[in-house]
Amino acid sequence: MALASEKNNARGSEQFIEIEEGISILSIKNESEVEECITHYIGADFIQFHFCVKGEIKFNFNEGNYALNIKEDSSLLLYNPERDLPINLTAFPESWSVSILISIQKLHTLFSAEANYIDFLTEDNRDKKYYKEVNVSPAMAVILTQILNFNLHPSVRKIYLKGKAYELIGLYFNRPAEADIEQCPFLDDEDNVKKIKLAKKIILQRMVEPPTLQELADEVGLSLKKLKEGFKEIYGDTVFSFLFDYKMDYARKLLEKGQHNVNEVGLNIGYSTASHFIAAFKKKFGTTPKKYIQG
């Protein structure tokens, strides 16, 4: 496994950095108008976490006989203890991605007490190949952007990236449990599930001026109690906490596009004053919109 390499040009860059034994980060920013091909040898004892931050990337397997595309705000986890899985990816124009490569031994040391919490770390699955696609959460997206855009002295680069890699892995596995139909018979009724999904659609479409919970319950035809309980079961959060996360992620993407100022972004998601938006953004991401844009 290569220890570190770095390639930069006017419109694109690739960095492969071993931040400590057993953990490396590959970051790619292809800001050109042509595809970039990136290859790295990765041994069978490594688990690969790939995150597409912007645009689209394509993974090529078996010498190009099979390909898998990962779109913006999606991630791919790969592990096959039976064979090496060399990285052979295509970064499409205007695409950014981050990969965390960690040895199975290293991951075990991080989760030794909770190994059974993670499917592929259990005794039964330890020798089986593992593949999973999941969406990138807003909190993960912030860390990925920080990894791609940090501007620090070389002396602190590795310790900074180590902290971000650990934080990212922690957030990756911190996912709400899927709704348990047996524990919540209400969700066994397909009509109820459709009403909860409609409620989600309504609040996202009207995020600037969302209805009250009672208005929302009346509109979808559920009692207030069933709306609150059902929404929490399906989406793992309360209605307005879910909406808040969505609005902040929407704002983050608008800021990254650079076409709106802070006040305009706030208005776009329902904040009448910039100060209220800035306070909400800082509560969610730990930094102000202006500092976030500056990286």
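The values are calculated or read from the model by the stated rules, or taken from the named source; none is laboratory data. None of the values given here were measured: they were computed from a predicted structure. Counting neighbours? That spans all protein chains shown, and the Cβs are built from the backbone with ideal geometry, glycine included.
Examine region 82-95 for a residue that is hydroxyl-bearing (Ser, Thr, Tyr), surrounded by fewer than 21 Cβ atoms within 10 Å (Cβ to Cβ), modelled with pLDDT of 85 or more and within 23 Å of GLU167 (Cα to Cα), and state whether such a residue exists. Within region 82-95 (the criterion being hydroxyl-bearing (Ser, Thr, Tyr), surrounded by fewer than 21 Cβ atoms within 10 Å (Cβ to Cβ), modelled with pLDDT of 85 or more and within 23 Å of GLU167 (Cα to Cα)), the answer is no, since none of the residues qualifies. Here PRO211 clears all of (1) touching a Cys at 6+ places or on another chain (Cβ under 8 Å); (2) not in a helix (DSSP H, G or I) except the condition numbered (1). The set of residues in region 230-251 that are under 26 Å from LYS291 (Cβ atoms), surrounded by 18 or more Cβ atoms within 10 Å (Cβ to Cβ) and in contact with a Pro (Cβ under 9 Å, 6 or more places away or on another chain) comprises LEU243, MET248, ASP249, ALA251.
Yes/no per residue for (1) at pLDDT 90 or above; (2) of a type in the set (Val, Ile, Thr); (3) under 21 Å from the mean Cα position of the chain (by Cα):
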| residue | (1), (2), (3) |
| --- | --- |
| THR212 | yes, yes, no |
| LYS226 | yes, no, no |
| SER241 | yes, no, yes |
| LEU255 | yes, no, yes |
| ILE278 | yes, yes, no |
| PHE281 | yes, no, yes |
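Residues in region 31-53 that are charged (D, E, K, R) and at pLDDT below 90 were compared, and the one that is nearest to GLU94 (Cα to Cα) is GLU31.
Selection over region 236-295 of residues that are of a type in the set (Val, Ile, Thr) and in a helix (DSSP H, G or I) gives a count of 5. Quick check on region 56-63. Is at least one of its residues in contact (Cβ under 8 Å) with a residue 40 or more places away in the chain, assigned to a strand (DSSP E or B) and closer than 24 Å to LEU171 by Cβ? Yes, that holds for at least one residue.
For the criterion of being outside the structural domain of VAL142 (by TED's automatic domain parsing) and more than 30 Å from GLU31 (Cβ to Cβ), ALA217 passes.
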